[in-house]
Amino acid sequence: MLSCKTLLSRRTKIIRKNKKKNSKNKKRSNSFSTKQNPISEIYQQEEDIEEEEEEDGDDVEEGFNLKASAPSQSHGVQPLGNLYLSPGSVNSRNTGLGNLQTLTDELVLEVLGFLGGAHLGFLASVSKSFYVFANHEPLWRNLVLDNLKGRLLYNGSWKSTYIAARYPSFDVSNICVSGLRVRDFYSDYLFQSWLCANLEMKPEWLQRDNIIRRRGISVEEFISDFEEPNKPVLLEGCMDNWVALEKWDRDYLVQVCGDVQFSVGPVEMKLGEYFRYADQAREERPLYLFDPKFGEKVAILGSEYEVPVYFREDLFSVLGSERPDYRWIIIGPAGSGSSFHIDPNSTSAWNALIKGSKKWVLFPPDVVPPGVHPSPDGAEVACPVSIIEWFMNFYGATKTWKRKPIECICKAGEVIFVPQGWWHLVINLEESVAITQNYVSRRNLLNVLDFLKRPNASTLVSGTRDRVNLYDKFTSAIEASFPGTIDHLTQKAEEKKAQQKKPSFWDSVTDSKAGAFKFSF
């Protein structure tokens with residue numbers, strides 16, 4: 001969360017600089033209304049200040065910029081730091097909650113999360129404070145995604161979507177209007193939710209590009225230079241002959257997919273309906289279309305791309321229809337993406353971008369990203385609520401790390417190789433369409449088998465109905481299709497391990513304690 005100290009220091013700069021400005025000077029206009037949005041005004045003033053300080057030659061940290069399409073903060077919520085700069089103000093958040101004011105904002109919302117839509121509506125009429133909390137959009141989003149299992153037709157906001165679905169005769173045309181604005185309501189938690197939904201990616205978050213790029217390398221080079229040492233690489237030119245690269249725009253995809261429903265988070269949506277949602281949604285964590293059965297649902301999509309030559313050995317294929325989910329079509333608007341995770345079942349992956357651009361941040365298996373807290377058994381991962389929140393609060397820490405993350409911006413026509421075990425975060429910088437596949441080759445087979453036979457494998461394995469017996473089934477299928485392969489790979493791994501432990505000639509003749517040669521007769 002953006003610290004009060006940061007917000008306080010920025011507000012202080014604003015006040016100090018504004019004293020120097022003529023009060024008759026007009027504020028610079030922006031694409032959103034600063035008159036109706038004091039928080040937007042603060043950020044607009046901050047931009048003015050940065051220009052003045054640049055002219056004065058001062059060294060000032062670059063501030064945050066709001067998206068041009070950013071709406072006003074729905075109910076006038078301000079960051080808590082602003083309270084300390086408003087002498088005499090009382091936080092109406094507390095006065096309106098009564099005895100519940102001792103709870104954190106997160107706990108208040110957790111409690112309200114147990115209520116249905118009607119009860120949230122009643123509660124919103126109790127006080128201005130409850131009005132703000134009960135209209136928090138993520139509450140209504142959860143109601144829609146958890147309770148409305150039928151057709152999801154997004155209607156400008158999650159609250160109006162819920163009401164339109166539950167009460168079709170009700171006129172929801174005015175629900176999307178901003179509504180009641182509450183004075184002197186301060187909350188870092190609620191403010192950050194709006195801020196993360198409307199922030200532009202800072203240029204410094206996009207500058208680092210230290211991934212290795214290759215074009216036209218052989219399969220042997222890929223294996224020796226990247227797959228065996230388990231290193232990421234961005235591959236260029238290996239999808240130039242894809243039909244998808246030329247044809248997969250919005251109009252074409254909507255046309256060929258028709259009424260087919262695709263997996264979007266916990267719900268199913270037609271592609272046209274999803275694009276309608278993507279055009280309207282302004283939220284911290286936009287829904288991501290991530291469907292593992294697209295090839296079966298729309299056969300032509302599966303025929304308009306081909307697996308790059310580097311990834312065609314996929315040993316999970318010996319399981320036939322019983323193999324875990326392995327390929328997905330991924331579609332999402334700017335700001336959507338995946339927070340830090342490791343790919344399932346200890347597999348490696350490739351991700352081919354057909355439209356748009358994506359920012360990637362990757363950490364090796366032995367380096368846990370800052371702000372990410374995996375459980376000891378690896379079954380759960382705690383991380384920031386949104387990707388933007390991670391960049392705001394944790395990305396800067398990596399600048400001083402000796403082992404910096406691997407980063408890049410992947411563009412249409414490029415393929416990134418994500419080795420097994422690597423942590424990675426992805427955010428779409430614009431509306432993007434991609435294909436990704438997870439696979440198992442001989443270089444990764446032993447890792448996958450070790451993963452599948454863990455004592456808690458039944459809680460870790462994903463993408464298959466039979467989590468308990470997957471190890472036995474996979475081992476038997478490999479032995480039937482490729483006899484002796486597992487034993488051969490195990491022997492090679494043991495020889496390699498022994499070779500790494502074997503002392504060199506100089507180690508064998510040097511007395512490490514005395515720092516000189518030793519001789520034996």
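Working from label points 7 Å from Cα in the Cα-to-Cβ sense, the Lys293 to Val256 distance is 2.0 nm. For region 347-394, the spread of Cα coordinates along the three principal axes comes to 37, 30, 16 Å, biggest extent given first.
Send over the Kirkwood Rh of region 205-291, from the inverse of the averaged 1/r over different Cα pairs, rounded to one decimal Å.
Numbers: mean 1/r = 0.0604 Å⁻¹.
Mean inverse Cα-Cα distance, inverted, gives 16.6 Å.
Across all directions, the average flat footprint of the convex hull enclosing the Cα atoms of region 167-311 is 14.5 nm². Using the Cβ-Cβ distance between Glu200 and Glu228 with R0 = 60 Å, the FRET efficiency computed as 1/(1 + (r/R0)^6) comes to roughly 0.90. Between Asp377 and Val126, the FRET efficiency estimated from the beta carbon spacing at R0 = 51 angstrom works out to 0.75. The smallest convex shape that holds all Cα atoms of region 366-465, its convex hull, gives 161 Å³ per residue. Modelled this way, with points 7 Å down the Cα-to-C-beta line, the labels at Ser173 and Ser338 are 4.3 nm from one another.
Length available on full extension from Ile486 to Val111: 0.36 nm per residue minus the Cα-Cα distance, which gives 129.8 nm.
If you put +1 on each Lys and Arg Cβ and -1 on each Asp and Glu Cβ, how big is the dipole of region 411-470 around its Cα centre, in Debye rounded to 20?
On the way: 7 positive and 5 negative charges, 82 e Å.
The dipole of region 411-470 has a size of about 400 debye.
Rounded to the nearest 20, the Cβ-based charge dipole of region 159-238 about its Cα centre (Lys and Arg +1, Asp and Glu -1) stands at 560 debye. With both labels modelled 7 Å from their Cα along Cα-to-Cβ, the Lys496 to Asn469 distance reads 3.2 nm. Is region 249-392 best put as rounded, prolate or oblate by its Cα gyration tensor, with a ≥ b ≥ c the root eigenvalues, rounded for a/c under 1.5, and otherwise prolate when a/b is larger than b/c, oblate when not? Here region 249-392 falls in the oblate category.
Amide H contacts of Cys408 (H built 1.01 Å from N, in plane; Pro and chain starts excluded): Trp360 sit under 5 Å, all sequence-distant by 5 or more or on other chains. Close amide H contacts of His341 (hydrogens built in the peptide plane, cut-off under 5 Å, sequence separation of 5 or more or a different chain): His424.
Applying 1/(1 + (r/R0)^6) with r as the Cβ-Cβ distance of Ser317 and Tyr84 and R0 = 60 angstrom yields a FRET efficiency of 0.45. Rounded to the nearest 20, the Cβ-based charge dipole of region 78-232 about its Cα centre (Lys and Arg +1, Asp and Glu -1) stands at 640 debye. Using θ = phi - 60° in the Karplus curve 6.51 cos²θ - 1.76 cosθ + 1.60, the 3J(HN,Hα) couplings for region 311-317 round to 10, 7, 7, 10, 6, 5, 5 Hz; x is entered for Gly and Pro.
The residue list Ala244, Ser218, Pro229 was ranked by how far each Cα lies along the charge dipole of region 212-301 toward its positive end, using unit charges on Cβ atoms, and Ala244 comes out on top. A simple rule links phi to the HN-Hα coupling: the Karplus curve 6.51 cos²θ - 1.76 cosθ + 1.60 with θ = phi - 60°, which for region 231-248 gives 10, x, 7, 9, 9, 10, x, 8, 10, 5, 8, 6, 5, 4, 4, 8, 9, 7 Hz, with x for Gly and Pro.
Using the structure shown, select from Lys149/Lys202; Lys247/Lys297; Lys202/Lys293 the pairs with a Cα to Cα distance greater than 30 angstrom. Present the calculation step by step, with values, prior to reporting the outcome.
Numbers: Lys149/Lys202 37 Å; Lys247/Lys297 18 Å; Lys202/Lys293 36 Å.
Beyond 30 Å: Lys149/Lys202; Lys202/Lys293.
Figure legend: label point modelled 7 angstrom from the Cα of Arg151 along Cα→Cβ; residues of region 263-302 with amide N under 12 Å from it are 270, 273. Once you reduce region 128-157 and region 221-246 to the center of their Cα atoms, the two points are 42 Å from each other.
Just so you know, all these numbers are worked out from the coordinates, no wet-lab data involved. What you see is a predicted model; the values in this text were computed from it and never measured. Note that we place each Cβ from the backbone using ideal geometry, even for glycine, and neighbour counts take in every protein chain shown.
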